[in-house]
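Chemist: Dropping a structure here in structure tokens format, bear with me for questions.
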Amino acid sequence: MEYVMFLQQCNAKVLFGDVAPNNEESAKLVAVRRAFQRAVTIPTHSLESLWRDYEKFENSVNRQLAKQILNDLQGQYSTSRTIYRELKKKWEGIKGGALATPPGKSHGQYKQQKLWTSLIAFERSNPLKLEKESLGVRVELVYNQCLLCLYHFPEIWYEYATWHASTGDKERASEVFKRAIEALPSCTILSFAAADFEAAQDKIEEAK
């Protein structure tokens with residue numbers, strides 16, 4: 001909303017460069033519409049209020065045109081709202097600010113691992129139907145968020161590395177394995193997994 005307000009209040013020439021005098025308002029309108037349309041297709045906690053503000057904006061421009069534009073976008077908005085509600089459920093119980101400690105006998109730690117694993121699986125299923133690159137960025141983010149809390153859990157590191165391998169990004173998978181071994185130098189299973197991975201790429205020296 002701050003960005004939309006910025007677009008509405010700024011000088012069109014400053015924002016868009018050389019714009020014909022009669023086209024300044026038109027250029028601003030297009031920019032505001034584009035910002036709103038991007039915002040209402042992203043599953044965030046402000047989604048419903050953004051949609052209401054967008055409806056007011058379009059109706060203030062042209063009521064007849066607004067109906068058509070909003071109808072065209074309604075499907076994407078509804079999908080994002082459904083996914084947001086599902087994501088909200090997945091995040092329930094996750095302690096994002098938990099201190100990263102080695103696995104112990106605490107039942108709570110393994111409950112957290114289960115909750116994080118469920119969230120990651122949901123993100124990997126690509127409910128937003130993102131392109132490969134955008135999906136990769138989103139999944140990588142949630143893995144790194146998870147590792148802030150579960151830094152000492154080898155299963156998470158292994159899953160993170162093999163996910164990169166499954167997407168065809170062998171270089172990133174190798175980097176994650178290296179990070180994993182630095183994080184957990186005494187975990188021999190991770191070391192053997194990394195060695196197996198490097199050997200499969202015919203990188204024998206790295207595997208050794």
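Chemist: Label-point separation (nm) for Lys132 and Asn23, each offset 7 Å from Cα along Cα-to-Cβ?
Modeler: Distance between label points: 3.6 nm.
Chemist: Counting only protein heavy atoms, what percent of the accessible surface of region 102-208 is carbon or sulfur at a 1.4 Å probe? Spell out each step's value before the answer.
Modeler: Numbers: 3580 of 6300 Å².
Ligands and nucleic acids excluded, carbon and sulfur reach 57 percent.
Chemist: Also, I was wondering about something else. Going through the cross-link list Lys178/Lys208; Lys111/Lys178; Lys89/Lys114, which pairs have a Cα-Cα distance over 19 Å in this structure? Present the calculation step by step, with values, prior to reporting the outcome.
Modeler: Values: Lys178/Lys208 13 Å; Lys111/Lys178 27 Å; Lys89/Lys114 14 Å.
Where the Cα-Cα span goes over 19 Å, the pairs concerned are Lys111/Lys178.
Chemist: Okay, moving on. For the chain, what does -39500 (n - 2.57) per DSSP helix run (n ≥ 4), summed and divided by total residues, give at 222 nm, in deg cm²/dmol to the nearest 500?
Modeler: Working: 11 runs with 153 residues, N = 208.
Value at 222 nm, helices only: -23500 deg cm²/dmol.
Chemist: Follow-up question, since we're still on this one. Determine, from the Cβ-Cβ distance of Val30 and Lys178 and an R0 of 45 Å, the FRET efficiency 1/(1 + (r/R0)^6), rounded to the nearest 0.05. The partial results should precede the final answer.
Modeler: Numbers: r = 46 Å, r/R0 = 1.03.
Once rounded, the FRET efficiency stands at 0.45.
Chemist: Next up: Between Rg and the Kirkwood Rh of the chain, both from Cα atoms, what is the Rg to Rh ratio?
Modeler: With Rg and the Kirkwood Rh in hand, the quotient comes to 1.12.
Chemist: Any idea what the dipole of the chain comes to, in debye rounded to 20, about its Cα centre with Lys/Arg Cβ at +1 and Asp/Glu Cβ at -1? Before the final figure, lay out each step's value.
Modeler: Details: 28 positive and 26 negative charges, 173 e Å.
Result for the chain is approximately 840 debye, rounded to the nearest 20.
Chemist: Also: Restricting to Cα pairs below 8 Å that are 6+ residues apart, what does the relative contact order work out to for region 28-167? Please round to a whole percent.
Modeler: Numbers: 84 pairs, mean separation 31.0, N = 140.
Once divided by the residue count of region 28-167, the mean separation gives 22 percent.
Chemist: Could you report the chain's accessible area per residue, 1.4 Å probe, as an integer in Å²?
Modeler: 63 Å²
The values are calculated or read from the model by the stated rules, or taken from the named source; none is laboratory data. Since this is a predicted model, take the numbers as computed values, not measurements. Neighbour counts are summed over all protein chains in view; Cβ atoms, including those assigned to glycine, are modelled from backbone coordinates with ideal geometry. Ligands, DNA and RNA are excluded from the accessible area calculation, which covers all protein heavy atoms including side chains. Shrake-Rupley method; radii C 1.70, N 1.55, O 1.52, S 1.80 Å.
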